[in-house]
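Structure, as structure tokens:
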Amino acid sequence: PVPNEGTSVYTGGIPLEQFLNKQLLAARKSKDAFRTNVLRTVIGELQTELKLKASKQKETDQNLETVAIKSLRMAISKRKTAAKEYRESGLESTAEVEEKEAAYLSSILPKEISGEQLRSEVTGLYTKGKETGVFEPGDKSKIPTILAQIVESLEKEHGKGSIATGEVARILMPLIQPKAGKQGDRTT
């Protein structure tokens, strides 16, 4: 079983780093060595990633928060990959530790929505926005605003970090951009 007593799911009310530090404090108070070690490691990785990103370019708090969530998802992915490699090498107990850490970290973030559910919700939000006049079809200058509004709406519904913005953009782009006519259709 994955120890996550005292751990709550991140909802985005505060920055992820601050949330993880609160979880670390709770783990220390409850003398939970597993959670303390995992959180300490992930917070260190997260701080390094945020400092690196912030030093490269001017980043907004919103962008840094997105980096933080991606960093945590990457930490989960690394542990899953390591578990698979350890298992293939016959190191079963080490693989189990990596899987346990990945499961614990996954329990912190809201469940990520993807696939058909995400496609359906993005399409529905865009269609509703188009029908109400909020979104203007074919206006490429509005794409960042439309994307931000749809992501914000999805995160309000499902929790901060529950969607991949890049995936939303991939679904949204064909809906926004008008279908181009064929090259030879012009008459002169």
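In table form, for the structure just shown:
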{"item": "Subset of segment 18-54 (residues that are buried (at least 18 other Cβ atoms within 10 Å of the Cβ), modelled with pLDDT of 90 or more and charged (D, E, K, R))", "result": "32, 35"}
{"item": "Some residue of segment 84-91 being within 17 Å of the chain's Cα centre (by Cα) and open to solvent by less than 70 Å² (accessible area, probe 1.4 Å)", "result": "no"}
{"item": "Condition met for residue 70 (open to solvent by 30 Å² or more (accessible area, probe 1.4 Å), at pLDDT 80 or above and either closer than 20 Å to residue 11 by Cβ or outside any helix (DSSP H, G or I) (or both))", "result": "yes"}
{"item": "Selected residue [open to solvent by 60 Å² or more (accessible area, probe 1.4 Å) and modelled with pLDDT of 80 or more] from 114, 141, 153, 120", "result": "120"}
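The values are calculated or read from the model by the stated rules, or taken from the named source; none is laboratory data. Values in this document were obtained by computation on a predicted structure and should not be read as measured data. Note that each Cβ is placed from the backbone with ideal geometry, even for glycine, and that neighbours are counted across all protein chains shown. What goes into the accessible areas is simple: the full protein's heavy atoms, side chains included, and nothing from ligands, DNA or RNA. Shrake-Rupley method; radii C 1.70, N 1.55, O 1.52, S 1.80 Å.
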